[in-house]
Structure formats: structure tokens, C-alpha cells
Ligand SMILES: NC(=O)C1=CN([C@@H]2O[C@H](COP(=O)(O)OP(=O)(O)OC[C@H]3O[C@@H](n4cnc5c(N)ncnc54)[C@H](OP(=O)(O)O)[C@@H]3O)[C@@H](O)[C@H]2O)C=CC1
Ligand SMILES: O=C(CO)COP(=O)(O)O
């Protein structure tokens, strides 16, 4: 790749991958946006917009889309992975067959690896022991970023130079990027809040009111923090953009697919009907299953996650789940 800006491969041409590709191309970088299916990737290139996920937002110059992974990642200064969490491991494997030792790799995916329950930096590290790794996370609806609306985000890496470089690629007059060295906390905040957004959507859909929503957000933050600390995350991270920020965003605004899943379930739709209506990835469904198991193995109490799991996977009705939460034994709020 050549040109004044950096050459960046963005892997994953859904709503968030496309929005980040647009942002980075607007910032003057040469972007190769990889979509895994040939025809949709060719359509992006032909239409110069993503009509399916972000209609009406034109691609800037410098953004090229392709389904040729080798072409996208060869010579890239940064590989930014933005596929759903269930596809993360397979994309790591595909990258490794082309580039066994990339210099720099980051992701904006929010979730755990299914089955293994590994955090995504563990998945990437196992495949690429010598590569600089970073995660991009925070309160960021794709549509608002693509429209250039004011946004702030966190980039975490154990190599601060990498986080700083990545934040520099992303930042502009309407997009502020902070750096962090807490890879674990930033990932847990971004992934676990998807479960709380489903809970908040259900609560609002059942007209449980503003008190219930505020309680879910606050107690949701408490359980996310408990898990994050048990995994080695830093307390302050959970009070920041990738923790509280993303939690508030997705629990309170209907742009959140996870919140809309909760609203749809409260309406009485089945998971499949709700998925079809939303038509995009709803990470909180897998996250409820995976974080419940993760919490169990670490002996961490995550009562809201437990109830969301029971609603989704055991058919418990949402009203009974709330009752179960409210009738838990009395305990101090903190500690
Ligand atoms: N949208 C948002 O506002 C934000 C999303 N995120 C996170 O970004 C990640 C991606 O989600 P998002 O873009 O929103 O999801 P979308 O549903 O908008 O798009 C998902 C994309 O991933 C593609 N995909 C599915 N399976 C594979 C695979 N095996 N290999 C490669 N690509 C695949 C889909 O292709 P196809 O259509 O062909 O199935 C589609 O292009 C998630 O972890 C999400 O939590 C984070 C912050 C904001
Ligand atoms: O992670 C997101 C915003 O930060 C997107 O949330 P949803 O997946 O719920 O739409």
C-alpha cells in the first residue's frame, strides 16, 4: 500500500467495519475493506456505499473493498478486524496462512471466543506471539460514526506506542480516541454490556420504568466490574468509555441491536423472530451464554447475566426473571 496516510486493512464489511473504514479513509488513510463474500464485496466497490448496512453514506476516496483477503492485508501497516466474535478465530486462522507474523493487529469485535471462552487477545496472541495487539472499544454506534457525529473511544494495548499509533489513525475533529494499557478491562466492558442492554430493553419493553432501568445499569456495571477485576482488569476502566460509557449507550438508546432484542422479547417475539427483525449481529445472545459460564468458572456472581441467560436459553419469562432478581437475599450494595 502507498500514499501519505497509513495503509490499513479493515476486515469485516458489516456496519461497524464499514463505519470504521469510512472514518479512517476520511482521515486520509488508504483502506482496504475486506468482505468475506465476493458478490457483496464487489457491490460495495461498485456502489461506493454499503447499501445494506449504511445506506446513503458515500465511501471516501481511498477506500477500496474486496473479498481477496491476501490483497487486503499484504503490506498493510495495520490489520483491524471487525467481524462478529463467532468468526474471530477463523479470521485469525485465515490471516495466519497469508501473513504468519503481521507487525500490528487490532480489533473492534466485542465478545468472547465461543466454547473456549477466551478473550480475543488470547485468541490473537496464541496465533501471533510476536505481533503488537490492540483493541478498539467504547460507546460507538456505527451509524453515528459514519455520519461524522461526535464520538469518543478507547484504544487499549499492552504496547502504548501501538495504542497511540492506532488512536492517531482514528482521531479527527469529531472523533476523540483515548489510549489505555488495560486490554482485559476494555474488552470485558465492551462485551459484557451487551447482556445488560438486552436486560434493559426487556425491562423497558415490559414498562418496568425508569427506576428499574437505572438499577439494571448500575447493578450491571457492578457485575461487569466484578468479573473484569477477577480477570485482571483495572477498576477505573469500568468507569470509563469502554465500561460505563458503552453500558449507558446501549442500555438507553434504540440504535442498540441488543436493546432492541430485549424490547422484541418483551413484545413476545421468539429469539429467531427478533433476530430476523433486527437483521444484524446481536452479540449479547452469545455473550449471555459465554459470560455466564465464564463467571461460573471464576466463581463470580453475575445475577443479571444469569437471568438473561435463563430467559434466552431456558425459556423463563422476563417478568419472573425480574422477580428472581428482586427477591435475592439482602446484602450490602458495595463489596
Ligand atoms: N455496529 C456497531 O455499532 C458496533 C459494533 N461493534 C462490534 O463489531 C462487531 C461486528 O459487528 P457489526 O459490524 O455491527 O455486525 P453487522 O451485523 O453489521 O455485520 C456483520 C458482518 O460480519 C460479516 N461476517 C459474518 N460472518 C463472517 C465470517 N465468518 N467471516 C467474515 N465476515 C463475517 C457479515 O457478513 P454477512 O452479511 O455476509 O453475514 C457482516 O458483513 C461485533 O462484535 C459488534 O459487537 C462494536 C461497536 C459498534
Ligand atoms: O457496541 C455497540 C455500541 O458501542 C453496538 O451496540 P449493539 O451491538 O447493541 O448495537
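Quick note: the coordinates plus some simple rules give every number you see, no bench work behind them. This one's a predicted model, so the numbers in the text were calculated from it and none came from an experiment. Cβ sites come from the backbone with ideal geometry, for glycine too, and all protein chains shown count toward neighbours.
Given Cα pairs under 8 Å that are at least 6 residues apart, what percent is the relative contact order of the stretch 8-118?
Over the stretch 8-118, the number comes to 29 percent.
Got the relative contact order for the stretch 119-239 handy, in percent, Cα pairs under 8 Å and 6 or more residues apart?
Here the relative contact order equals 21 percent.
Gap in Å between the Cα centre of the stretch 65-102 and the Cα centre of the stretch 1-35?
Cα centroid of the stretch 1-35 versus Cα centroid of the stretch 65-102: 13 Å apart.
Evaluate E = 1/(1 + (r/R0)^6) for residue 115 and residue 4, where r is the Cβ-Cβ distance and R0 equals 56 Å; express this FRET efficiency to the nearest 0.05.
The pair residue 115/residue 4 has a calculated efficiency of 0.85.
If you project the alpha carbons of the stretch 7-181 onto their three principal axes, what span does each projection cover, largest first, in Å?
Extents along the principal axes, in whole Å: 39, 34, 30.
Kirkwood Rh and Cα-based Rg: tell me the resulting Rg over Rh for the chain, rounded to two decimals.
Using only Cα positions, Rg/Rh for the chain is 0.97.
Rounded to the nearest 0.05, what FRET efficiency do residue 158 and residue 334 give with R0 = 22 Å and r taken as the Cβ-Cβ distance? Could you check?
0.15
Mind telling me which of 310, 277, 26 comes out most flexible in a GNM of the chain, alpha-carbon contacts under 10 Å?
277
Using packing as a proxy for protection, rank 39-46, 255-262 so that the peptide with the highest average count of other Cβ atoms within 10 Å comes first.
Result, highest mean Cβ count within 10 Å first: 255-262, 39-46.
Would you mind telling me the antiparallel percentage of the DSSP bridges in the chain, rounded to 5?
Expressed as a percentage, antiparallel bridges in the chain total about 20.
Which of 282, 186, 322 moves most in a GNM of the chain, Cα contacts under 10 Å?
Result: 322 has the largest fluctuation of those listed.
From the helices alone, meaning DSSP H stretches of at least four residues, give me the mean residue ellipticity at 222 nm for the chain, per-run term -39500 (n - 2.57), in deg cm²/dmol to the nearest 500.
-16000 deg cm²/dmol
Where does each of 10-16, 301-307 land if you order them by average Cβ count within 10 Å, highest first?
Highest to lowest by the protection proxy: 10-16, 301-307.
Which whole-angstrom value gives the distance between the alpha carbon centres of the stretch 245-279 and the stretch 173-235?
15
When the chain is treated as a GNM, springs tying every alpha-carbon pair under 10 Å, which of 154, 74, 140 comes out with the largest mean-square fluctuation?
Largest GNM mean-square fluctuation: 74.
Pop the C-beta distance of residue 178 and residue 317 into the FRET formula with R0 = 41 Å and round what comes out to the nearest 0.05.
0.50
Go through 267-274, 142-149, 195-202 and give me the packing order, highest mean Cβ count within 10 Å leading.
Highest mean packing first, the order is 195-202, 142-149, 267-274.
Quote the relative contact order of the chain in percent (integer), defining contacts as alpha-carbon pairs under 8 Å separated by 6+ residues.
Relative contact order here is 13 percent.
Given N residues in the stretch 185-327, what is Rg(Cα) / (2.2 N^0.38 Å)?
The reported ratio for this selection is 0.94.
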